Amino acid sequence: MSVDTAPRPTVRPAPRTSAPAVRGALRRAAPALGLFAAARLSGMLAVALWAWHLGKSPLTLLGHSWDSRWYTGIAAHGYGHTTLTFGDGTVQSDLAFFPLYPGLVRAVTTVLPVSGGAAGLLVSWAGAAAAAWALYLIGERLYGRPTAVILVLLWGLLPHSVVLTMAYTEPVLTAFAAWSLYAVLSGRWLWAGTLAALAGLARPNGIAVAAAVCAAAAYELWQHRGRMPWRIWAGAALAPLGWAGFVLWVGAREGDLLGGYFAVQADWTSRFDFGVGSLRFVHELLRGPENLPFPMVLMIVAASLVLFALLALERPPLPLLVYTGVLMLIAVGGSGYFESKARFLLPAFPLLLPLAHALTKARPRAAIVVIAALAGLSLCYGTYLVTMAPVPV
């Protein structure tokens with residue numbers, strides 16, 4: 001089924017998930033998951049070989065770099081123990097980091113005799129695998145198996161997909177987001193709301209999942225003139241609880257219930273300014289040479305905008321469009337840490353649907369050339385980001 005003919009999510013009884021159905025879905029997804037694993041293992045091998053060449057530890061680079069250190073610190077000591085203070089008095093607090101990922105890391109270190117960094121990697125790898133499975137099911141539902149396989153492979157070969165094998169939160173967010181969206185598309189509203197709430201506890205941009213679930217519920221309300229099963233109402237009510245709960249908790253802790261969290265983010269130079277900060281940074285970037293990640297991120301963001309336009313033209317189901325649109329709005333409209341915008345867009349997997357579907361219609365040799373080129377770029381750029389880049393991933 002193409003996106004052109006895919007129906008909007010409609011109200012219907014949630015089908016029961018039986019063990020044979022789960023095994024069947026996993027069996028159908030096995031080729032895609034195998035290709036995804038091969039892509040990411042190749043990326044990890046490239047990182048390991050170059051790290052050893054430079055005399056560095058691959059596990060340290062993957063599991064204890066940049067934001068990973070904040071997450072493992074929260075997992076080990078809780079909030080309020082890690083801050084950075086700058087000469088101008090600005091304080092960057094660990095309250096900017098959402099709690100689900102460090103909570104999972106803490107759970108793993110409690111059960112297994114591993115370090116926080118190793119636990120973070122295990123959580124991220126499990127999240128990436130779960131996300132890849134959900135991506136396959138969504139792609140299969142909308143376009144069929146060939147497109148679903150290529151969708152998963154493309155996601156694993158993005159230039160910045162090395163993040164999927166690092167101790168970062170994007171794999172976990174994408175897993176909860178993708179499964180929540182799949183639950184909406186298949187009419188499982190309580191699952192959709194619960195998973196959206198968990199996604200909202202993973203990252204600030206996890207609010208995009210709640211927006212998608214609530215938009216789908218509002219569409220059902222409009223279609224049926226307010227007569228909806230209670231599960232849809234419940235799913236929409238559950239969806240924003242994770243994100244809103246953490247934001248209000250940080251606000252209460254900071255003494256400003258509604259503004260405290262956003263003040264913490266402002267100290268990290270992260271605020272929504274409708275893209276003014278991004279445009280200012282691009283202007284400075286074009287005036288002189290910069291580190292490689294900056295022009296790469298600029299090209300990735302530009303390509304994402306084009307892909308979003310193509311996705312919109314395909315008229316995908318409403319929750320996919322809203323989810324991707326909110327992620328794009330947050331990434332492009334937010335200021336601060338321009339070099340990380342490509343990572344922020346990693347959960348926006350629906351952007352790849354038009355490309356994946358087009359590759360199934362292309363000549364096999366052309367598709368192979370495109371995928372091989374993307375694989376080469378992913379391996380080289382991912383290795384550079386982890387082992388050599390002087391800026392945060």
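Sort through LEU385, LEU352 and tell me the only one that's in contact (Cβ under 8 Å) with a residue 24 or more places away in the chain, within 14 Å of LEU153 (Cβ to Cβ) and over 12 Å from the mean Cα position of the chain (by Cα).
The conditions single out LEU352.
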For this session: Tell me, please, whether a residue that is part of a loop (DSSP other than H, G, I, E, B), of a type outside the set (Gly, Ala, Ser) and surrounded by fewer than 16 Cβ atoms within 10 Å (Cβ to Cβ) can be found in segment 364-387.
Result: no
Problem set entry | Any chance ILE207 is within 20 Å of the chain's Cα centre (by Cα) and part of a helix (DSSP H, G or I) | yes
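Quick one: which residue in PRO113, PRO171 is under 13 Å from ALA348 (Cα atoms) and either surrounded by fewer than 24 Cβ atoms within 10 Å (Cβ to Cβ) or in contact with a Leu (Cβ under 6 Å, 6 or more places away or on another chain) (or both)? Please lay out each step first, then the result.
Numbers: PRO113 fails: under 13 Å from ALA348 (Cα atoms).
Matching residue, one of PRO113, PRO171: PRO171.
Going by the structure shown, is PRO13 of a type outside the set (Phe, Trp, Tyr), in a helix (DSSP H, G or I), modelled with pLDDT under 90 and loosely packed, with under 11 Cβ neighbours inside 10 Å?
no
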Seminar exercise, completed: Flagged in segment 313-345 as in contact with an Asp or Glu (Cβ under 8 Å, 6 or more places away or on another chain), surrounded by fewer than 22 Cβ atoms within 10 Å (Cβ to Cβ) and under 28 Å from ALA167 (Cβ atoms), in numbering order, are GLY333, SER335
For this session: Considering each residue of segment 142-160, count those that are in contact with a helix residue (DSSP H, G or I) (Cβ under 6 Å, 6 or more places away or on another chain) and assigned to a helix (DSSP H, G or I), and give that number.
Result: 11
For this session: Just give me the residues in segment 199-241 being buried (at least 24 other Cβ atoms within 10 Å of the Cβ), of a type in the set (A, V, I, L, M, F, W, C) and under 23 Å from PRO99 (Cα atoms), in sequence order.
Result: ALA199, ALA202, ALA208, VAL209, ALA210, ALA212, VAL213, ALA239
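Counting just the residues of segment 22-81 that are among the charged types (D, E, K, R) and buried (at least 18 other Cβ atoms within 10 Å of the Cβ), which one comes out modelled with the lowest pLDDT? Reasoning before the result, please.
Here is the first cut: in segment 22-81, the ones among the charged types (D, E, K, R) are 23, 27-28, 40, 56, 67, 69.
Adding the requirement that they be buried (at least 18 other Cβ atoms within 10 Å of the Cβ) leaves 40, 67.
Details: ARG40: 97, ASP67: 90.
Among residues in segment 22-81 that are among the charged types (D, E, K, R) and buried (at least 18 other Cβ atoms within 10 Å of the Cβ), the one modelled with the lowest pLDDT is ASP67.
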Problem set entry | Filtered residues of segment 193-244 (kept if touching an Asp or Glu at 6+ places or on another chain (Cβ under 9 Å) and charged (D, E, K, R)) | ARG203
Exercise. Which residues, taken from segment 351-393, are under 30 Å from PRO319 (Cα atoms) and at pLDDT below 90?
Worked result: VAL393
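The values are calculated or read from the model by the stated rules, or taken from the named source; none is laboratory data. Keep in mind that this is a model prediction, so the values were computed, not measured. Every residue, glycine among them, receives a Cβ derived from its backbone with ideal geometry; neighbour counts consider all protein chains shown.
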